[in-house]
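Please read the structure below before turning to the comments.
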Amino acid sequence: MRLSASLIPTLKETPAEAQIASHRLMLRAGLVRQMASGIYAWLPAGLRVLTKIANIVREEQDRAGAQELLMPTIQSADLWRESGRYDVYGKEMLRITDRHDRELLYGPTNEEMITVIMREGAKSYRDLPQILYHIQWKFRDEVRPRFGVLRGREFLMKDAYSFDLDYEGAFLSYKKMMHCYTRIFQRLGVSAIPMRADTGQIGGDLSHEFHILAPTGESAVFYDSDLDYADIENQNDRTKFGYDPKTLDVIYASLTTKYAATDEKHDLEAWAKVPDVRKREGRGIEVGQIFYFGTKYSEKMGFSVVRKDGLRVFPEMGSYGVGVSRLVGAIIEARHDELGIIWPDSIAPFRVGILNLRQGDPLTDQICEHLHTKLGAEALYDDREERAGVKFAEADLMGHPWQIIVGPKGAANGLVQLKRRDGKTSPRELSVQGALSALGIEDDLPPRSV
Ligand code: 5CA
């Protein structure tokens, strides 16, 4: 992609309305624009990130055996009357009336709808277990939308729903999703700790929230430092050969036996047993939450199946949410410096920025064009007639994991500079082929000199 032909409206000034780094950087890097309070338009670069996150979530949900479907954003009020939630949900629900005076709502979540879909589709034990998910926009009329996409009113969520014949099955689904979430966050380049949490509007007996630690997080969190990230990440090795109940038990135990809770679930007695040196208190951004709520919805909505022994039972359910749009802000909150965003490779809008320091110099242009062709859609080529300083600042702001810097002096010797945005490796002077091969790209056609 050529920057000269792209809509990436970066801002030099810090927007006054943004209180925290991720919100400032999302506006400054041209990822989003606010259209109304808590409602954002995703500009091309922002949409690329959102789509990449959604795809990682999708791949991991599929890997865990969940199936994707797509439910509508608009739901009928009658559906929510069946579960009894229409009247209790309160002002967060955006209620709409159509031209026939039928009551509708913009879905804040989909427990009711998926239960009706399953009620029509599953009749016996043969049809269970199932885990279904979709990635769809939600609307919650939050009292205080703030921090950009972190607390929006319209936001993108992945929500999954599990249906099992009995408690053991449901608990297994819960453990599977918990593990799936650790894989998702690892691929997104952040650490999110599962914490015991309140069940709130969704209800139920058991729930964990996944928190990315950040001083700007809205929740107070308490955890045992023994529950470190390495431990969470190691769980992935255990499932190379798929899931079996024993493996899942081991994983679940290692993720949940150490103390970790949000303030609503903070248990002073259990906390007192954690050695002082291991006590950690901080703030977290909730990027996912999982719930086990048994037969709460299946019973109220009359969804039962016939067991093998002929007995009719209400399926045991759970639901599992990931805040896909919130993650964009949360990841930036965890990964930025004073110059801008530091994207992980997996979700950067562009993996590589090509910086042409002397637009119009034939050799420099030629090398840049060649790099652009070779790197394809994952490269953003800064081909504007701008000063080098501007190009450096904007590449740092946008946060491409890699920068290839091409100037006339190096170009004359066939050399470019390859730089890592996270500063973990020092910049290197390389041949064009060398830079491409460092990025995993074969270059069989070296550019001819002019
Ligand atoms: N049905 C369940 C799970 S599928 C559910 O709705 N869970 S939730 O309420 O916890 O939401 C799931 C995730 O959506 C949260 O963990 C959070 O990351 C994200 N989320 C919730 N509210 C907002 C909001 N106002 N703005 C951005 N993301 C949000």
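What follows is calculated from the coordinates using simple rules that are stated; it is not laboratory data. Keep in mind the model is a prediction, meaning the values are calculated, not measured. Neighbour counts run over all protein chains shown; Cβ positions are idealised from the backbone, glycine included.
Maximal additional length on extending the LYS91-ASP263 stretch stands at 59.5 nm, based on 0.36 nm per residue less the C-alpha distance.
Exposed loop sites here mean GluC sites (Glu not before Pro) with a DSSP loop assignment and at most 12 other beta-carbon atoms within 10 Å; the chain contains its longest site-free run at 18-337.
In the range 254-305, the ratio of gyration radius to Kirkwood radius, Rg to Rh, stands at 1.16 when only Cα atoms are counted. Rounded to the nearest 0.05, what FRET efficiency do ARG312 and ALA270 have when you use their Cβ-Cβ distance and R0 = 45 Å? Between ARG312 and ALA270 the formula returns 0.70.
Using C-alpha pairs under 8 Å with a sequence gap of at least 6, the mean separation divided by the residue count of the range 1-103 gives a relative contact order of 15 percent. Each of GLN75, HIS100, ASN110 was scored by the projection of its Cα onto the charge dipole of the range 75-115, and the greatest displacement toward the positive side belongs to HIS100; charges sit on the C-beta of Lys, Arg, Asp and Glu. Straight Cα distances below 19 angstrom link LYS391 to the aspartates and glutamates GLU13, ASP337, GLU338, ASP361, ASP365, GLU369, GLU378, ASP382, ASP383, ASP422, GLU429, with same-chain residues fewer than 8 positions distant left out.
Distance between the modelled labels on ARG102 and THR425, one decimal in nanometres: 5.8 nm (7 Å Cα→Cβ projection). Here is the P(r) of the range 114-163: all C-alpha pair distances, binned every 10 Å from 0, give 22, 35, 23, 16, 4 in whole percents. Looking at the chain, the pairs of alpha carbons with a distance over 29 Å make up 54% of the total. Using the Karplus relation 6.51 cos²θ - 1.76 cosθ + 1.60 with θ = phi - 60°, the per-residue 3J(HN,Hα) values for the range 348-361 come to 4, x, 9, 6, 10, x, 9, 10, 8, 7, 9, 4, x, 6 Hz, with x marking Gly and Pro. At an R0 of 30 angstrom, the distance between the Cβ atoms of ALA377 and GLU442 translates into a FRET efficiency of 0.95. Our estimate of slack between ALA36 and VAL390, defined as 0.36 nm per intervening residue step minus the Cα-Cα distance, is 124.4 nm. Can you tell me how the range 162-221 classifies by the Cα gyration tensor, rounded, prolate or oblate, using a/c under 1.5 as the rounded cut? Oblate. Computed from point charges on the beta carbon alone (+1 for Lys and Arg, -1 for Asp and Glu), the dipole magnitude for the range 363-416 about its Cα centre is near 200 Debye. Just so you know, the averaged projected area of the alpha carbon convex hull for the range 1-144 sits at 12.9 nm². When the chain is treated as a Gaussian network with alpha carbon springs shorter than 10 Å, the biggest mean-square fluctuation among THR262, THR373, THR295 belongs to THR373. The shape of the range 357-439 comes out rounded: with a ≥ b ≥ c from the C-alpha gyration tensor, a/c is under 1.5. Between LEU7 and ASP198, the contour length at 0.36 nm per residue exceeds the alpha carbon distance by 64.6 nm.
A straight line joining the Cα centroids of the range 313-337 and the range 112-168 runs 12 Å.
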